[in-house]
Amino acid sequence: MMPGSDGFPLPQPSSRSSVEIYRMWSIYKAVNQRLRAGGAVVNLLVGEPSFPPPAKAVAAAQAAMAGPVGYTETLGIRPLRQGIADLYRRRHGLDIPAERIAVTIGTSSGFMLAFLAAFEAGQKVAVVEPCYPAYRGTLKALNLTPHRIGTDAANGFRPRVQDIEALPADIAGLVLASPANPTGTLLPAADLAEIYAACRRRGLWLVVDELYHGIVYGQPAPTILGQGPEAIVINGFSKYWGMTGWRIGWLVLPERLVPRVEALAGSLQISAPYLSQVAALAALECEPEMEQRLALYAANRQKLLQALPGLGLNSFAPPDGAFYLYCNISHLADDSVAFCQRMLDETGVVAAPGVDFDSQEGHRFIRFSFSVEAGTIDQALQRLGEWLPRQARRG
Ligand SMILES: Cc1ncc(COP(=O)(O)O)c(C=O)c1O
């Protein structure tokens with residue numbers, strides 16, 4: 001151990017805390033700098049709905065605030081767990097016992113609890129990329145090693161079952177999302193069936209992030225729970241219900257993991273915030289209001305799909321769900337971070353660099369988020385319409 005300035009040994013940060021910082025945040029800082037300097041920004045960077053939460057949810061939280069606001073049962077208030085179980089019956093015709101549902105602090109703490117409950121420290125876990133970057137960060141922080149399964153636009157960014165079958169023998173599990181961030185790829189029931197069966201044959205834990213369920217542009221997203229009780233499902237109120245800051249997620253667990261997650265959650269989170277649970281319960285009754293909002297995303301998506309090819313961005317898979325479009329820019333640049341920075345500097349339009357989402361190929365991609373007002377998409381297309389056709393490959 002190196003000595004400190006006082007001559008005594010200086011304890012060092014742990015190696016597992018050395019997770020990558022998303023490059024998106026460096027772009028985010030540049031956005032704020034530009035705004036502070038009085039510049040305009042057309043923001044297609046962040047993956048957050050631009051809507052307020054449903055009015056009934058806000059009212060329910062306000063009413064609850066007048067009473068005692070305390071801890072709840074570790075796995076969440078009973079009515080919310082039951083309400084989520086009812087959602088599976090409504091959406092998928094599935095009978096999921098409320099006892100298998102754990103309410104978490106956003107999906108983020110759901111991932112932490114699920115990974116801790118399922119994996120031994122030091123194990124390797126396969127991750128379908130491109131993906132939400134926190135899968136890799138959370139695994140690494142828990143002393144687990146992510147193992148990349150690559151996908152490409154030619155196959156609609158869907159994982160191939162052969163790639164799962166060909167995984168090395170020491171892989172303990174598989175993490176994927178449907179619909180996925182950043183690609184919007186939705187896996188049809190037939191793909192889910194193959195993936196579920198392949199994981200069962202290998203005895204792998206299968207963790208499926210279904211946070212974008214409900215935000216789809218064609219067929220509804222089937223849940224992996226339709227294939228059997230062995231998958232771990234992650235979901236929450238951040239995207240479809242537009243409640244990112246309320247921090248409510250949930251897990252649907254195989255029965256034998258429930259007591260493990262309950263014990264872990266007792267130490268790691270005590271409970272999800274009570275007021276947010278009350279709001280989430282009320283939000284479950286607001287599906288008609290949420291459905292109306294989807295029309296905006298659908299219109300934004302359509303505008304991008306129609307306009308981008310004419311501007312020279314024509315290599316992408318049209319998203320089936322979520323609110324992202326993941327575009328290949330390799331004919332223009334080899335460094336997606338530098339490209340996003342240049343685009344911001346020269347047009348004010350900001351997108352996310354692919355490097356956060358794909359550890360190998362991300363330098364050749366950028367992600368547009370279209371969870372914004374219609375006017376923002378129009379402005380972005382107008383500015384990019386002048387700029388993109390003038391871009392030659394600058395490395
Ligand atoms: C696929 C996916 N999973 C999980 C999250 C995190 O969501 P939460 O707000 O529930 O922690 C995000 C956030 O963008 C995401 O895109």
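The values are calculated or read from the model by the stated rules, or taken from the named source; none is laboratory data. Given the structure is predicted, the values throughout are model-derived calculations rather than measurements. Virtual Cβ from ideal backbone geometry, glycine too; neighbours counted across all protein chains shown. These accessible areas exclude ligands, DNA and RNA; they are computed on the full protein's heavy atoms, side chains included. Shrake-Rupley method; radii C 1.70, N 1.55, O 1.52, S 1.80 Å.
Specify the residue that is nearest to A352 (Cα to Cα); the eligible residues are those in region 127-147 that are in a loop (DSSP other than H, G, I, E, B) and open to solvent by 20 Å² or more (accessible area, probe 1.4 Å). Talk me through it step by step, then tell me what you get.
Just the residues of region 127-147 that are in a loop (DSSP other than H, G, I, E, B), to begin with: 130-133, 142-144.
Those left that are additionally open to solvent by 20 Å² or more (accessible area, probe 1.4 Å): 132, 142-143.
On the way: Y132: 12, L142: 26, N143: 27 Å.
So, considering only residues that are in a loop (DSSP other than H, G, I, E, B) and open to solvent by 20 Å² or more (accessible area, probe 1.4 Å), the one nearest to A352 (Cα to Cα) is Y132.
How do the pairs read when you match residues in region 273-299 that are farther than 18 Å from A61 by Cα and in a helix (DSSP H, G or I) with residues anywhere that are of a type in the set (V, I, T) and modelled with pLDDT of 95 or more, using Cβ under 7 Å and keeping only pairs 6 or more apart or on different chains?
L294/I215; Y297/I215
Scan region 280-337 residue by residue and report those that are modelled with pLDDT of 95 or more and at positive phi.
Answer for region 280-337, where residues must be modelled with pLDDT of 95 or more and at positive phi: just A322.
Quick test for you: out of A265, A221, pick the one residue that is small (G, A, S) and in contact with a His (Cβ under 6 Å, 6 or more places away or on another chain).
Working: A265 fails: in contact with a His (Cβ under 6 Å, 6 or more places away or on another chain).
After ruling out the rest, the residue left standing is A221.
Could you figure out which of (1) within 16 Å of the ligand (Cβ to nearest atom); (2) touching a residue at least 60 places away in the same chain (Cβ under 8 Å) isn't true of W205?
Condition not satisfied by W205: (1).
Checking Y297 against (1) surrounded by fewer than 16 Cβ atoms within 10 Å (Cβ to Cβ); (2) within 20 Å of the chain's Cα centre (by Cα); (3) farther than 20 Å from D86 by Cβ, only one condition comes out false. Which one?
(1)
Just one of L268, L257, L325, L251 is away from the ligand (no atom under 16 Å from the Cβ) and either touching a Cys at 6+ places or on another chain (Cβ under 9 Å) or not acidic (D, E) (or both); which is it?
Values: L268 fails: away from the ligand (no atom under 16 Å from the Cβ); L325 fails: away from the ligand (no atom under 16 Å from the Cβ); L251 fails: away from the ligand (no atom under 16 Å from the Cβ).
Criteria check complete, one pass: L257.
I'm trying to understand the selection: among the residues of region 111-166, which are closer than 23 Å to S315 by Cβ, touching a residue at least 60 places away in the same chain (Cβ under 8 Å) and within 16 Å of the ligand (Cβ to nearest atom)?
Passing the criteria: E129, P130, C131, Y132, P133, F157.
(1) open to solvent by 40 Å² or more (accessible area, probe 1.4 Å); (2) outside the structural domain of P222 (by TED's automatic domain parsing); (3) under 22 Å from the mean Cα position of the chain (by Cα): which one isn't true of L281, the others all being true?
Of the numbered conditions (1) open to solvent by 40 Å² or more (accessible area, probe 1.4 Å); (2) outside the structural domain of P222 (by TED's automatic domain parsing); (3) under 22 Å from the mean Cα position of the chain (by Cα), the odd one out for L281 is (2).
Of these, P133, P159, which one is within 23 Å of R200 (Cβ to Cβ) and within 18 Å of the chain's Cα centre (by Cα)? Write out each step before concluding.
Details: P133 fails: within 23 Å of R200 (Cβ to Cβ).
After ruling out the rest, the residue left standing is P159.
Considering Y274, Y297, which residue is away from the ligand (no atom under 16 Å from the Cβ) and aromatic (F, W, Y)? Steps first, answer last, please.
Details: Y297 fails: away from the ligand (no atom under 16 Å from the Cβ).
Testing whether each residue is away from the ligand (no atom under 16 Å from the Cβ) and aromatic (F, W, Y) leaves just Y274.
Taking the conditions exactly as written (in the same structural domain as T183 (by TED's automatic domain parsing), in a helix (DSSP H, G or I) and within 21 Å of F323 (Cα to Cα)), does A154 satisfy them or not?
On the way: in the same structural domain as T183 (by TED's automatic domain parsing): yes; in a helix (DSSP H, G or I): yes; within 21 Å of F323 (Cα to Cα): yes.
Criteria met by A154.
Being buried (at least 21 other Cβ atoms within 10 Å of the Cβ) and more than 21 Å from L294 (Cβ to Cβ) is the requirement here; does V372 meet it?
Working: buried (at least 21 other Cβ atoms within 10 Å of the Cβ): yes; more than 21 Å from L294 (Cβ to Cβ): no.
Here the answer is no, as V372 does not meet what is asked.
Of the numbered conditions (1) within 20 Å of the chain's Cα centre (by Cα); (2) closer than 30 Å to I248 by Cα, C327 fails exactly one; give the number of that condition.
(2)
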